[in-house]
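The values are calculated or read from the model by the stated rules, or taken from the named source; none is laboratory data. These numbers were taken from a predicted model, which means no experiment stands behind them. Here the Cβ positions follow ideal geometry from the backbone for every residue, glycine too, while neighbour counts run over all protein chains shown.
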Amino acid sequence: MASEKDIKSGADIIAEYLERNGVEYVFTLTGHTILSLYEAIRKTKIKLVAVRHEQIAAHAADGYFRASHKPGVVITHIGPGLLNATTGVATAALDSSPLIVISGDAPSVYEGAGPHQEINQVTDLSQYLVYVPFAKRAWRINHVENIERIMDRAFSIALDGRPGVSLVDVPMDIFALKTDKYGLFTAKHSLNESRFAPDRETIRKAVDFILQHEKILILAGGGVRLSEAGKEIEELSELLNAPVATTMGGKGTFPEHNERSLGFLGGWGNPYANKASLESDLIIAVGTRFGEVNSSSWIEGYTFDFSKTDLLRIDIDEKERSKDYPEDMFLQGDAKATVSEIIDELKHRSHVRSGKNSGWYSEFRKGLDGYYDDFMRCEMGSGRIKPNYVIRVLQELIDEDRSISLITDVGWSKNGIAQYFRIDDPLNFITPGGLAINSHLTPQQKWIAEQFVMFFTGPSGEKQWVSKGLALPSRTAILDSSWYKTNFPIQSFAGEQFPHAYGWNYNTTNFQATESAAHSIIVDLFAGKITPTQAYDQIINETNANLKGTSTL
């Protein structure tokens, strides 16, 4: 029988479980339902990071994972707290970032009575159901004795297989109740702890299939980044002398200065990667969902044409099988483990590759080099600064210092940067993918290890208070287009395809342009406004001299 000393509160059990699993930070905005958990965390070494809005907390936790590959933890208050975090949590979920969301809820003894901030329009104390469309699993804890077991499952499920979000909903009184039912679930969970690959016979058949082809293209997706399989993709590319294209989520997993790199493909990708895809006779797709952006809205013959090209697909998620395109072979497994097995089998048959066509992609690589050179060959111009010039200067900075991380918002600040920057490391490029949320970047900067951070955003994404409050060294490049110009090309394109749906009316608000430099000065940040008569690299040097905090360009 446990002594009184051994009895612990639900909040203490959660806090100790988080610490035991290596959690360094939790991100939160306060509320009365989670104060007991705050007190429990105070007794650990975990740092509690308080923000001004729960969406920021979710984005920060997401960014922490993307930089460290450790799960992010978010703590929210009942009702509006959990709901405010929804956009940030869904962004993480669709990009397969593992988050543990712990939400306070109304006291269980008030169930059905209509307690303050309870969501009860359909069933009582039902706020956890809001996360059902995008969480891997959601729990509502009804008994304090179940806390440790459910926390263990939440971590395991969030990190296992294709990573995602676990929600643990805890009524306020459960945090305070005490129990001696703990200490049984002591495992430490981490990303990729359960790697698996197909059996050896399946790998042999896959290699037989690969060696029947001459024009092989490797497509590296976001799963390569999650599995940390970049080195394996490089080795496979070398063994097969096959070029590598990436999705936007996979950008940086294969060094884009490598002679076999064709950059990233898709509707916002470069034309030479798309041409190589159509010319190939086999695509080895590793860890990609073939989503709309990377598949050019699945328009046949634009990026892919699997009536002419064979497809071997590697993915850890069985649900991705034949979702958008029928595979000739589907290998379910972790990207790193599966590609490693293929490499091992190929090494036993390396002589088989002799005489195969190894130069079929050289014309595409040559065209891509010219494509980059033409874009970078741009001066300030008369009367305006061109994006080409900005990208050229920053590309030179990254080439000199590979520790710089680029984080982007959506729109051209994501698509243009991805299309024209050559990135050699996954940490050099972080962007919202699945949900493509704006104002995603600023909360993420603290958590990029010791990286120097450069942001790209538009005026609507400019939010610097987190940067200032934490005294973070970062530089923000605001691509000031004054209004949402994304509307024009989308409506133009859609108008051609679906005239009855969109017509030719370009509806938008002509927003008053924000004076971003002046705004930054208001919140006490160093700022510089770049004009056509002032060199961008001069401003960069000035902001780099201001190493104490955040700068806005």
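Here are the numbers:
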read-out	value
Failed criterion for Arg313 (all others in (1) modelled with pLDDT under 95; (2) under 22 Å from Thr247 (Cα atoms) hold)	(1)
Restricting the stretch 202-229 to residues that are in a helix (DSSP H, G or I) and in contact with a Gly (Cβ under 8 Å, 6 or more places away or on another chain), the residue that is surrounded by the most Cβ atoms within 10 Å (Cβ to Cβ)	Val224
Among the candidates Asp169, Asp160, residue that is at pLDDT below 95 and among the acidic types (Asp, Glu)	Asp160
Cβ pairs under 7 Å, 6+ apart, first in the stretch 42-59 and farther than 20 Å from Val89 by Cβ, second at pLDDT 90 or above and part of a strand (DSSP E or B)	Lys47/Tyr25
Qualifying residues in the stretch 118-132 (those that are without any contact (Cβ under 8 Å) to a residue 40 or more places away in the chain and part of a loop (DSSP other than H, G, I, E, B)) - the one nearest to Ala90 (Cα to Cα)	Val132
